[in-house]
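Here is the structure we will look at, set down as structure tokens.
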Amino acid sequence: MSTFTAIAASEPGPATLQQLTDDDLPEGDVTVDVAWSSLNYKDGLAVTGKGKIMRSHPMVAGIDLAGVVSASDSPDWKVGDEVLVTGWGLSEAHPGGFTQRQRVQSSWLTARPEGLTLQQTMAVGTAGLTAMLCVLALEHAGVTPGDGEVVVTGAGGGVGSVAVAVLASLGHTVAASTGRAETHDYLRSLGATTIVDRAELATAGRPLDKERWNGGVDTVGSQTLATVLAQTRYRGAVAACGLAGGNDLPTTVLPFILRNVALLGVDSVSCPTPVRAEAWRRLGTDLPTDLLDAMTTVEPMSKVPELAEQILAGQTRGRVVVDTSA
Ligand SMILES: NC(=O)c1ccc[n+]([C@@H]2O[C@H](COP(=O)([O-])OP(=O)(O)OC[C@H]3O[C@@H](n4cnc5c(N)ncnc54)[C@H](OP(=O)(O)O)[C@@H]3O)[C@@H](O)[C@H]2O)c1
């Protein structure tokens with residue numbers, strides 16, 4: 001029986017590099033030789049054991065995976081197909097993507113989108129998919145380029161970096177909010193025209209502040225989201241997807257009932273397949289691959305425990321692709 005390497009936790013607590021065998025694979029109708037995974041904030045919580053992400057043990061960490069089908073009982077997929085999975089409970093209820101081999105449900109698989117390599121699909125990963133879902137939500141709410149600035153909070157992170165690049169490439173004027181001075185040039189290179197100090201948005205202001213934003217993509221939550229809502233123009237919209245600054249929301253109803261501001265919730269984990277397909281199609285057309293490559297670093301899987309601490313500390317920039325062979 002062949003063995004393979006994975007980052008897994010046998011019990012609640014930190015996940016570590018372990019050797020597994022095919023007997024450890026879960027139920028599913030498609031087996032994937034995993035080539036790449038990616039690091040997301042939720043992986044930081046799961047791998048360090050600091051967040052209750054894994055709902056049972058033993059559990060392989062990693063909410064994303066990309067690779068090649070090595071066995072299939074599904075009529076939809078054949079050996080050799082290049083596929084990816086993001087979300088769908090990987091590393092929560094089902095063993096995840098920090099591994100060289102995984103078995104999954106065929107309905108979770110997405111074929112590698114046209115125009116992206118397998119490695120680039122993981123540069124996008126859950127974070128990039130979420131950023132695109134935020135952009136689609138803003139478009140649906142009527143936020144269009146040319147009507148003013150769109151603010152992206154936590155801009156130096158994974159979701160933030162992809163959101164900045166996509167919004168700018170679509171013609172929006174993008175304000176990037178960051179707490180790290182060293183990311184200013186990087187964020188401008190992705191297309192941001194204004195940099196906002198994270199502290200400015202993290203400070204409580206008036207319930208209705210000066211109208212500043214046409215729309216927003218918020219990855220931070222808490223007071224930052226409350227401030228963005230208070231500064232959003234009449235009939236503007238804010239897509240909320242994250243909690244890097246906290247899961248509370250100290251706001252009032254005033255932006256909603258006096259300015260008709262829309263607060264748009266975004267979840268990528270259980271996002272329905274047709275919406276995902278549209279988001280991946282749009283990532284293929286609206287995320288310039290040179291910018292995707294510029295925001296990506298590739299790291300060996302053996303370094304994931306260290307990287308997990310770094311992402312929780314807000315020290316990683318852009319997207320981190322995980323090479324499962326190393
Ligand atoms: N809803 C969903 O389906 C979904 C999917 C993916 C991610 N998320 C959530 O979205 C958020 C971002 O995920 P990610 O993978 O992009 O993480 P990430 O790469 O760590 O980015 C988060 C960024 O937020 C900023 N930040 C960190 N700590 C902060 C604090 N205490 N106060 C204010 N800003 C802080 C930092 O940006 P600067 O240094 O530039 O300020 C950091 O780079 C996370 O909360 C994650 O759980 C949700």
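The values are calculated or read from the model by the stated rules, or taken from the named source; none is laboratory data. Predicted model, so just to flag it, every value in this text is computed and none were measured. As a convention, Cβ positions derive from the backbone with ideal geometry for all residues, glycine included, and neighbour counts pool all protein chains shown. Quick note on the areas: whole protein, heavy atoms, side chains included, nothing else; ligands and nucleic acids left out. Shrake-Rupley method; radii C 1.70, N 1.55, O 1.52, S 1.80 Å.
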What tally of residues in the range 85-111 results from selecting those that are of a type outside the set (A, V, I, L, M, F, W, C), more than 13 Å from VAL34 (Cα to Cα), part of a loop (DSSP other than H, G, I, E, B) and open to solvent by 20 Å² or more (accessible area, probe 1.4 Å)? 2
Select from the range 132-175 the residues that are within 16 Å of ASN40 (Cβ to Cβ) and open to solvent by 10 Å² or more (accessible area, probe 1.4 Å) and list them in ascending order. LEU133, GLY154, GLY157, GLY158, VAL159
I want to confirm something. Restricting to the range 1-31 and keeping residues that are in a loop (DSSP other than H, G, I, E, B) and free of Cβ contacts under 8 Å to residues at least 24 places away in the same chain, which single residue is least open to solvent (accessible area, probe 1.4 Å)? SER2
Residue, nearest to the ligand (Cβ to nearest atom), within the range 156-166, restricted to residues that are out of contact with any Asp or Glu (no Cβ under 9 Å at 6 or more places or on another chain) and under 18 Å from ALA237 (Cβ atoms): VAL159
Across the range 304-326, what is the number of residues that are within 14 Å of the ligand (Cβ to nearest atom), surrounded by 15 or more Cβ atoms within 10 Å (Cβ to Cβ), at negative phi and not in a helix (DSSP H, G or I)? 6
For the condition part of a helix (DSSP H, G or I), assigned by TED's automatic domain parsing to the domain that holds ILE257 and at negative phi, what is the one hit in ALA192, ALA199? ALA199
Scope the range 35-84; condition assigned to a loop (DSSP other than H, G, I, E, B) and among the aliphatic types (A, V, I, L, M); matching residues: ILE53, MET54, ALA61, ILE63, VAL79
Identify all residues within the range 219-254 that are open to solvent by less than 40 Å² (accessible area, probe 1.4 Å) and assigned to a strand (DSSP E or B); write none if there are none. THR232, GLY236, ALA237, VAL238, ALA239, ALA240
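Residue-by-condition table, conditions (1) open to solvent by less than 70 Å² (accessible area, probe 1.4 Å); (2) within 13 Å of GLN120 (Cβ to Cβ); (3) away from the ligand (no atom under 12 Å from the Cβ); (4) not in a helix (DSSP H, G or I):
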| residue | (1), (2), (3), (4) |
| --- | --- |
| SER270 | no, no, no, yes |
| PRO274 | no, no, yes, no |
| ALA277 | yes, no, yes, no |
| LEU283 | yes, yes, yes, no |
| ASP293 | no, yes, yes, no |
| SER302 | yes, no, yes, no |
